[in-house]
Each structure stands twice: as C-alpha cells, then as structure tokens.
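Trainee: Input: one structure, supplied below.
The values are calculated or read from the model by the stated rules, or taken from the named source; none is laboratory data. Not measured: the values here are computed from a predicted model. Cβ placement follows ideal geometry from the backbone for every residue including glycine, while neighbour counts extend to all protein chains displayed. Ligands, DNA and RNA are excluded from the accessible area calculation, which covers all protein heavy atoms including side chains. Shrake-Rupley method; radii C 1.70, N 1.55, O 1.52, S 1.80 Å.
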Amino acid sequence: MLATTVGSIPLPCCIYNASGPKTNSIEALIKIGNTSAGAILSKSATLNAQDGNELPRFINKIDLGSNYCNGSMNSEGLPNQGIDYYINDDALLQIKKCNKPYIVSLSGLTLNDNLEMLNRIFSCPFDTINGIELNLACPNIVNKPVIAYDFDQLDEVLNAISKLINATKKITPPLGIKLAPYFDPSHFTKAIEIIIKYSVVKYIVTTNTIGNAMFIDAELECAAIAPRNGLGGLGGGYIKHTALANVYMLYKELVSSGRTDIDIVGVGGVHCGLDAFELILCGARAVQLGTCHWTETGDCFERVSSELKIIMQNKGYNSIEDFRGNLKPYIKGSKQISKMSMNSNLKSKDKDDIPNTLLFVILPIFILFVLIIFPYISFSIDFVGLRNHYFISTCK
Ligand code: DHB
C-alpha cells in the first residue's frame, strides 16, 4: 500500500529517515535497516571525517504547546566520519543485509569535494548504493552560505556534476538534491528553472531546516546553543507548514514545466500519518522523518506508516498515487487545520473537550483549593520559587 519510487529507486515504503539524526555510524544505519523505514539514508558526508561545531549544539523535544514536543534546532556543523566510512566494502556489505535501498547523503565543503565523493561512489560495486542525496542546503557551516539560496552557484554546481555524471561510463545511482526552504514565490520558479536544465537530477528533497534561528535562555540572558553565536537550523513541528508549502510550490512548478518525472521527497516536521498524508497530497512521493526519528526510537517509521495506512483505508485509497498531488484549492466550509488529535502519541486537547474539562475537573478543584487548602498554606508558598525554571520548555 505504501510502496513508491523516488527517482526510479523502488522503496517498499514511502516513509524513511532524514539525513541527520541517528545516521552518523554504520550501527545507527543498520538500526534503521531493521525498522519499517523504506530506505536507509546516511548522514551527510564530507570528504574527510570532521567533528562538527562545539557543544552544546542542538535542542530537541521543544514543547510547541499542549505538550506537543516536536520542535528542534541544531547547529551540528556536519559531524561525520568521512565519505569512505559510509561506502567502504564492509559497510556496504553490512547495509546490504538489511535488504533496503541505501542512499548516501553528500555535503562537500567545496564543489571539488562533492565531485571527488561522487567519483568514489561511482566506483563502488553496482547496486550497493541505490541513490545519492546531494545536500545543497546545510545552514550550519561557518563561512559557507547555503548553495540552494545562491542561484548562480546552484547552476554552477549542477552543471559541473552533470558533466561528471554524463562523462561516467557506467550506470550511476539516481541523484537527488536537498534544497533549503524558500519563502518567496519567485524563488520556487527560479530554482525549478535551473534544476530542470539538468537531466541528471532525478529527485528533489525539500526542505532542510530553516536556517539561522535562535533560542534564548532568558534566565541566564544567553544563547541556548554554543556555535555560530547561537544560530541554528530550526526543525520539527515549527517547519511543517513551510515544508508543505515548499513541496506544493515545487510540485506545481514541475507540473507546469512538464517535468513530473522529477520526484519530490517531503521532509519537515512530520510526526504522524496525517502529516505524511498532507505532504503526499501536496505532491511528495516519499516522506522523511528527521526530528521525529531523533525524539522517538526507530519505531516511529512503523507508527507513522500504520497511521498513514489507516487514513488511506478510511478514504478508500489503495496506493499513494491515488491521492498524490491532488490537493484542491480552498473549499468553502473546510476546516482550517488538520486536527492534531489524530496524532497517536502527541497529547493535544480537542477544543470540544475544553468546556467539559473546565466544568467537571478544573472548577471543583479550584473550589476545593479556595475553600480548604489555600487558607492552610497561604503564607508559606515561595512564590519566587514557582517561577518557570524552563525558559526553553522541553519535554522529558
Ligand atoms: C547539518 C545540518 C543540516 O541541516 C544538514 O542538512 C546537514 C548537516 C549539520 O549541522 O550537521
């Protein structure tokens, strides 16, 4: 029911991991291989191993309200073990045993590094690496602006990579590019105008984190993470709606340019089957889990997949192609937002429950408190101690 293809890579399930959390080691990748994820995607590799930015460099489980704990921010600076670690014979052999497509993410510090890493991938045995995700949108490297925001550089990089692939005399794994979120309608058009010039680009992954966000510890009056003056990429639930819009707009641009052969993978704030359903409705052929995988265990792939299947069954859809890209414009009377209450593991109050809760729970407790308990303890409370200690409220 959830089978799909991305850039012609057949995936048994359209839900798989995002590059980033829990993807740094081969052990972590094998763990993903032992879940229901439809593919195994590596950490973004650089040519040589590197430690990344100073610690602390991330926050997760940020409470977005009503105990909905899927906000995140990171400024990791590409800690990874170097490309050879992810594609050496032993690693490839171990990953092959998981029987899932293996996609290698690349985020070279220079164009030459990316070309060199691609060459190394092309010399791996056939069918050990099933796809490439070239990350053109990491926001966390000091002095390296995001390529996806610099359209001249985007063109230049794709041109060089295209030449390399076209000159390679063997079948190369399908190439996808990971983009940054765009916020201006003209940027969707411009990005697609460039991308469609290069037939080597088989799919687009959108979106990366929203770069250069900030959290502040108001008690200490300081930035909440150490690197880059406290700036990091915003992820999780904060960015779901930006991800939806990016998938939708890029899909629309691809349709109007007649290039529906370029697939879209949606990523950003997916935490439940409904989130995945919405991204697919906007045009995504597969959906990645990043913050959710970070916060939960690898069981999230099974959970989100089963939730998506239930939604599809209820709507009478047999495959994601039955509804992919079919988002309709506004219909009068439509509900403004999807109910979070469809999330199985995230607590969120249905608005309709609030009057009842008020009447039968909060009001009696309040009366009890005012009449009996308050007089006994009234002068012994340390009001100052009750101040919120958690300036950034995260969940346990
Ligand atoms: C990192 C962050 C990203 O958003 C990304 O796509 C790759 C790497 C990082 O900081 O390590």
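Trainee: Quote to one decimal, in nm, the extra length available between Ser186 and Asp261 on full extension: 0.36 nm per residue of separation minus the C-alpha distance between them.
Mentor: So the chain would gain 24.8 nm between Ser186 and Asp261.
Trainee: Residues of the stretch 218-259: accessible area per residue at 1.4 Å, in Å²?
Mentor: Averaged over the residues of the stretch 218-259, the accessible area is 44 Å².
Trainee: Once all Cα-Cα distances of the stretch 57-169 are split into 10 Å bins that start at 0, what whole-number percent is in each one?
Mentor: In whole percents, the pair-distance histogram is 11, 35, 31, 19, 4, 0.
Trainee: Could you calculate the contour length gain from Ala218 to Thr297, that is, 0.36 nm times the residue separation minus the distance between their Cα atoms, to one decimal place in nm?
Mentor: Working: separation 79, 0.36 × 79 = 28.44 nm, distance 3.10 nm.
That pair, Ala218 and Thr297, stretches by 25.3 nm at full extension.
Trainee: For the chain, what D do you get in µm² per second when you plug the Kirkwood radius from alpha-carbon pairs into Stokes-Einstein at 10 °C and 1.306 mPa s? Each step should come with its number before you reach the end.
Mentor: On the way: Rh = 22.4 Å.
For these conditions, the coefficient is 71 µm²/s.
Trainee: What distance in nm separates the two pseudo spin-label positions at Ile30 and Gln153, each 7 Å out from Cα along the beta-carbon direction?
Mentor: Here the modelled spin labels are 3.8 nm apart.
Trainee: Ranked by accessible surface with a 1.4 Å probe, highest first, in what order do Leu363, Leu106 come?
Mentor: I get Leu363, Leu106, largest accessible area first.
Trainee: Find the cysteines in the chain that fail to meet the 4.7 Å Cβ criterion with every other cysteine, and list them.
Mentor: Cys13, Cys14, Cys98, Cys124, Cys138, Cys222, Cys272, Cys282, Cys292, Cys300
Trainee: Here's another thing I want to ask about it. Which of the listed residues, Ile83, Phe215, Asn70, is farthest toward the dipole's positive end in the chain, when Lys, Arg count +1 and Asp, Glu count -1 at the beta-carbon?
Mentor: Asn70
Trainee: Given Cβ point charges of +1 (Lys, Arg) and -1 (Asp, Glu) and nothing else, what value in debye, to the nearest 20, does the dipole of the stretch 3-120 about its Cα centre take?
Mentor: Details: 9 positive and 10 negative charges, 94 e Å.
Value, rounded to 20: 460 debye.
Trainee: So, R0 is 25 Å and r is the distance between the beta-carbons of Gln313 and Lys335; what FRET efficiency does that work out to, to 0.05?
Mentor: My answer for the efficiency is 0.75.
Trainee: A further question on this structure: Averaged per residue, what accessible surface does the stretch 61-163 expose to a 1.4 Å probe, in Å²?
Mentor: Heavy-atom accessible area per residue stands at 40 Å².
Trainee: If you average the C-alpha positions of the stretch 257-336 and of the stretch 213-229 separately, how far apart do those two centres end up, in angstrom?
Mentor: Using only Cα atoms, the two centres lie 34 Å from each other.
Trainee: Leaving ligands, DNA and RNA out of it, report the carbon-plus-sulfur percent of the accessible area of the chain at a 1.4 Å probe.
Mentor: Here it works out to 57 percent.
Trainee: Let's see if you can work this out: charge +1 on each Lys and Arg Cβ, -1 on each Asp and Glu Cβ, no other charges. What is the dipole magnitude of the chain about its Cα centre, in debye to the nearest 20? Don't skip to the answer; put the middle values down first.
Mentor: Details: 35 positive and 36 negative charges, 183 e Å.
Taking the Cα centre of the chain as origin, the dipole is about 880 debye.
Trainee: Just from its helices, what would the mean residue ellipticity at 222 nm be for the chain, if runs of 4 or more DSSP H residues each count -39500 (n - 2.57) and the sum is divided by every residue, rounded to the nearest 500 deg cm²/dmol?
Mentor: After summing the helix terms and dividing by the residues of the chain, the value is -9000 deg cm²/dmol.
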